[in-house]
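Nothing in this text is a laboratory measurement; each read-out follows from the coordinates by a stated rule. Computed from a prediction, not measured in an experiment: that's the story for all the values here. Cβ sites come from the backbone with ideal geometry, for glycine too, and all protein chains shown count toward neighbours.
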Amino acid sequence: MRFFVNKEVSGGIHFWLAPDNPRAISKVFISVDGRRTLELSAWITDDNIRAHGWHSTGQCVYMITENELPELFSANRIEIFDADTNILIFRSLREKVFLPAKLINITTTVQKNTFVEQNLFDLFQYSYFNVDRLSEEVVQSIMQGPWLTSSLITGAVIFPRYEVFFQDDNCVSGVLVQDPFVEMAARMRWLQAKKAVADDPAQNWRLGALLESVRFAAEYDLSNSRNIKRFLRMLPEPCYRFLYNPLCRQFGTRSPSDPFGPGNSIVAMEIISRIKVVGHSDYTNEYYTALLDRLGVAPIEMSHPKPSEDVLSLATLLRSVDAARDMVAFDTVISDAVRHAVGKSWG
């Protein structure tokens, strides 16, 4: 699915939406002041959309005026969503002043920290969370959308693909770099925790390429170095990719399938050095303080979840295993460099 909102057209809301099925006619539903009030199918044709190969007929365009939506200029809040995916296409609030910034907070961990989503959601006109779970076409629409001048984006994206869209002064990129051994331990425990999902035929599709890895990890007791060594020696390919220098892979490649070598760690360091707000998990509060300051937002009381004792004890074991150290050698160099720089800044 691709979409584009044209802010230059007055008198209504003008946009196009090309669905995944190029022969289908897209549908949207409109929410007025929190109530779903209207469903519309595209009725205007644009030959340029057909010429680009995005749709078989180009019938993807909407021009919503008071004829379609009588509350267009009187409603306090109007939101338009794709009817098939529930993805937000358009949002407006009368007399609401939003932050004039485009923020991407890049997730680098499987451990949940929803501070940004919970505390900054209401400050932006548009919000898109966990965009790494969306299709590439949707992510491209979001990342390059010129109408998204006030937007909050989060997710474990492969940032080199989208860095070009965050160069302007009003764009803010942020990343919290993790301790590589704690992150490796968290990922291993995450795999084991998904066993019930893997065993459920109605749900295991959610694991995608990691289904085999979850089943593999469930067979291991990771409470001692010997088992960890065997676990790392027998890794299936998707599991290896999931655990092997994930930070460098996320910032040093342009696709999950790209080959990975020592040169990618240099690229990753260069990309991270260009991100506007960089923090380290040892200084989590300081990172979010710096992010809020960059956005011009007043300080917020913080309480961040810490890794479980189970994860921390496994991380301690991993530090003593040569094979584990080799798995995150490149990430360790970057993490140590970021930790040193951040520690020096915050003293």
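A few comments on the model shown:
- Mean Cα-pair separation over length for the chain, i.e. relative contact order, pairs under 8 Å, 6 or more apart, %: 15
- Helix-only [θ]222 nm of the chain, DSSP H runs n ≥ 4, -39500 (n - 2.57) each, per residue, nearest 500: -10500 deg cm²/dmol
- Within a straight-line Cα-Cα reach of under 18 Å, Lys27 can be paired with the following aspartates and glutamates, leaving aside sequence neighbours fewer than 8 residues apart in one chain: Glu39, Asp46, Glu68, Glu79, Asp82, Asp84, Glu137.
- Qualifying aspartates and glutamates (Cα of each under 17 Å from Cα of Lys229; at least 8 residues distant if same chain): Glu219, Asp221, Glu237, Asp322, Asp326
- Eligible lysines near Lys306 by straight Cα distance, threshold 21 Å, same-chain separation 8 or greater: Lys112, Lys194
- Per residue, the average separation of C-alpha pairs within less than 8 Å and at least 6 apart gives segment 1-96 a relative contact order of 28 percent.
- Within the shell defined by Cβ-Cβ distances under 10 Å, the residues around Glu137 carry a net charge of -1, with Lys and Arg each +1 and Asp and Glu each -1.
- Ellipsoid semi-axes in whole angstrom, largest first, where each is sqrt(5λ) of the Cα gyration tensor of segment 1-96: 24, 14, 11
- Note on the chain: antiparallel DSSP beta bridges, both residues inside, total approximately 60 percent of the bridges counted.
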